[in-house]
Amino acid sequence: RNNAEKFEFQAEVSRLMDIIINSLYSNKDIFLRELISNASDALDKIRFLSLTDKEVLGEGDTSKLDIQIKLDKEKKILSLRDRGIGMTKEDLIKNLGTIAKSGTSAFVEKMQSSGDLNLIGQFGVGFYSVYLVADYVEVISKHNDDKQYVWESKADGAFAISEDTWNEPLGRGTEIRLHLRDEAQEYLEESKLKELVKKYSEFINFPIYIWASREVDVEVPADEDESSDEEETPDSSSSEEGEDEDAEKSEDDDAEKKPKTKKVKETTYEWELLNDVKAIWLRSPKEVTDEEYTKFYHSLAKDFSDEKPLAWSHFTAEGDVEFKAVLFVPPKAPQDLYESYYNTNKANLKLYVRRVFISDEFDELLPKYLSFLKGLVDSDTLPLNVSREMLQAHSSLKTIKKKLIRKALDMIRKIAEEDPDESSGKDEKEVETSGDDDEKKGQYAKFWNEFGKSIKLGIIEDATNRNRLAKLLRFESTKSDGKLTSLDQYISRMKSGQKDIFYITGTSKEQLEKSPFLERLKKKNYEVIFFTDPVDEYLMQYLMDYEGKQFQNVSKEGLKMGKEKNKELKESFKELTKWWKTALSSDNVDEVKISNRLDNTPCVVVTSKYGWSANMERIMQSQTL
Ligand code: ADP
Ligand code: MG
């Protein structure tokens with residue numbers, strides 16, 4: 001085209017497109033859900049703007065917030081149109097030529113090696129999946145602030161942008177035209193498209209229509225020759241048709257004046273709605289099946305790995321602040337969950353106000369340590385027609401957050417209660433058993449492996465819920481027999497007269513088991529918790545007590561096992577301890593004491609109550625290096 005401006009793709013995009021275009025990846029279907037998800041995002045954006053400015057929606061058809069799919073079998077074009085926010089020329093260059101998210105090159109590498117494109121949507125590059133099925137793509141877009149433009153590319157390292165002077169004006173929004181590759185002609189079949197929309201885009205909150213063909217019978221005068229553009233279907237003499245004609249004839253015999261007519265098949269088109277736009281969270285939890293929750297999770301998290309979420313909670317909060325919410329514990333932690341923990345606030349909850357999507361970047365909805373949860377909140381209390389910033393400061397967000405935390409922790413506790421491997425569940429109150437025991441077996445250990453660290457960070461950061469979080473804590477101990485155990489289980493095994501909960505910190509269980517600090521405790525049959533994660537040292541600075549019991553690090557001063565009578569010993573060794581302390585000098589030791597914590601080892605270095613344990617010294621050293 002003569003008015004086209006040429007651009008080169010960012011190198012990373014080019015690489016990604018090469019991988020996609022040469023991919024032997026078999027599940028090419030995913031492009032459709034990516035396009036529909038983009039259309040839905042664009043519609044969310046214009047709907048959000050319309051809350052404060054009705055004008056943005058425009059008039060007539062332009063104001064209809066829907067998604068339309070059309071198939072052109074002759075030209076081999078599949079097109080998808082939305083009346084969303086659209087893209088300006090600048091948007092087209094930026095959004096469909098560069099990758100915004102960092103860390104994408106890691107994804108590109110991973111995709112190259114694994115060949116698995118399924119997770120593409122999670123990396124902000126879903127659009128490019130169109131090149132799985134098309135060799136030439138046109139994006140026609142009209143944004144309220146700009147003219148209509150066409151973006152086009154054959155995935156040859158470059159794209160072109162032209163002011164659109166030849167297509168029908170869109171009013172507002174975007175139309176994507178995929179010129180399908182020869183081997184992707186199946187995407188011109190209506191039935192295929194319908195199946196895909198059902199499968200992947202069930203939870204899109206805007207109507208999705210397809211320009212569906214239908215064979216209809218039309219009556220034409222029998223004496224006239226059929227007009228040539230009305231094709232007569234070869235099966236017009238089928239039995240059904242024949243019967244119809246018979247019926248017609250007998251009627252005709254009665255009606256004298258009526259001119260003779262005959263029926264022919266004609267193809268007509270109409271928009272057919274493909275999805276049910278009733279949001280899942282508005283339905284009663286009793287009516288929603290496990291399968292529906294699982295599928296909803298997949299679409300929400302853009303996680304199409306087929307794995308079931310570990311748990312979910314769907315509830316309605318009533319009172320001053322009313323909202324509905326669905327929370328999910330994903331089956332797996334993302335690789336970078338703790339890497340980016342302190343740098344980014346990856347909010348994973350979507351906020352809706354009265355069914356209107358507002359944002360998925362609200363940090364106020366959940367504390368950082370619960371950012372691994374996915375889900376959504378739909379509030380009836382928050383005001384609709386204010387800016388994001390004003391909403392962010394709204395007082396009811398605090399209440400929502402508080403309730404969400406409670407529900408989230410309940411949901412996690414239930415994973416443990418329903419898990420037959422967790423015997424602690426036994427003495428709890430009635431446990432709802434929904435579903436198969438086998439399915440619940442080992443789920444809490446799985447949860448703990450993926451997200452245990454988040455619970456520990458929660459204990460450190462969330463004083464209000466510390467006790468609830470401590471209940472969720474799991475660890476190994478001298479008596480846990482290689483399995484995970486809990487504080488409640490520890491307490492149930494405490495010896496009579498034992499006041500404190502004993503623990504020891506270090507790099508590994510194997511190393512700790514040999515520790516001289518445990519000699520006597522083991523001999524006397526006391527249980528000692530092993531804390532082997534570096535974060536545990538910090539954790540234990542915050543977790544002072546549980547159910548009225550203090551925690552005692554057995555490598556620190558103050559260890560007491562039941563009743564002790566070492567007054568005489570202390571007296572008789574007084575001279576030795578005194579000599580020893582001077583020999584070591586007070587720069588090195590605070591005190592030299594008689595101890596009853598040892599069995600075979602003659603002496604041991606103990607940390608003072610508020611001092612750093614040897615393990616903590618090690619951690620601090622490795623951090624400053
Ligand atoms: P993501 O959707 O994760 O941002 P994509 O590669 O799917 O990544 O899309 C890239 C960007 O292109 C989107 O963020 C959006 O800004 C823009 N975009 C894509 N499709 C549309 C559309 N139908 N309407 C408006 N903008 C779109
Ligand atoms: Mg997308």
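Checking every one of the GluC sites (Glu not before Pro) in segment 1-81 against DSSP loop status and a limit of 11 other Cβ atoms within 10 Å picks out GLU59, GLU74. Each peptide in 299-306, 351-358 gets a packing score, the mean of other Cβ atoms within 10 Å over its residues, and the list from highest to lowest is 351-358, 299-306. Separation of segment 394-419 and segment 508-555, taken as the distance between their Cα centroids, equals 30 angstrom. Projection of the Cα convex hull of the chain, averaged over all directions and equal to a quarter of that hull's surface, yields 41.3 nm². As an exercise, use a Förster radius of 51 Å and the Cβ-Cβ distance of LYS198 and SER496 to find the FRET efficiency, rounded to the nearest 0.05. After rounding, the FRET efficiency stands at 0.20. Packing, as the average of other Cβ atoms within 10 Å across residues, places the peptides 318-324, 207-213 in the order 207-213, 318-324, highest first.
Taken over the alpha carbons of segment 480-550 as equal point scatterers, the Debye sum produces base-10 log I(q)/I(0) values at 0.11 Å⁻¹ of -0.27.
Once the Cβ-Cβ distance of ASP18 and ALA393 is raised to the sixth power relative to R0 = 35 Å, the FRET efficiency obtained is 0.15.
Label positions at LYS94 and GLU163, each projected 7 Å from the Cα along the C-beta direction, are separated by 2.2 nm.
Packing order of peptides 412-421, 170-179, 329-338, highest average first: 170-179, 412-421, 329-338 (average count of other Cβ atoms within 10 Å over each peptide's residues). Length gained on full extension, GLN541 to TRP579, computed as 0.36 nm times the residue gap minus the Cα-Cα distance: 10.3 nm. Please report how far the C-alpha centroid of segment 271-311 lies from that of segment 445-474, rounded to the nearest whole angstrom. So the separation of the two Cα centres works out to 28 Å. Taking Cα centre as origin and charging only the Cβ of basic (Lys, Arg, +1) and acidic (Asp, Glu, -1) residues, the dipole magnitude of the chain rounds to 6620 debye. Please determine, in degrees from 0 to 90 and to the nearest 10, the orientation of helix 443-461 with respect to the longest principal axis defined by the Cα atoms of the chain, where the helix direction is its Cα long axis. Value to nearest ten degrees: 70.
Based on alpha-carbon centroids, what's the gap between segment 1-65 and segment 159-192 in Å, whole number please? Taking the Cα centre of segment 159-192 as reference, the centre of segment 1-65 is 11 Å away. When each of ARG33, ARG81 is scored by the number of other beta-carbon atoms lying within 10 Å, the sequence from fewest to most is ARG81, ARG33.
All of the numbers you see were taken from the coordinates with simple rules; none came from a lab. Nothing here was measured: the structure is a model prediction, and the numbers come from that model. Positions of Cβ are generated from backbone atoms using ideal geometry, with glycine treated the same way; all protein chains shown enter the neighbour counts.
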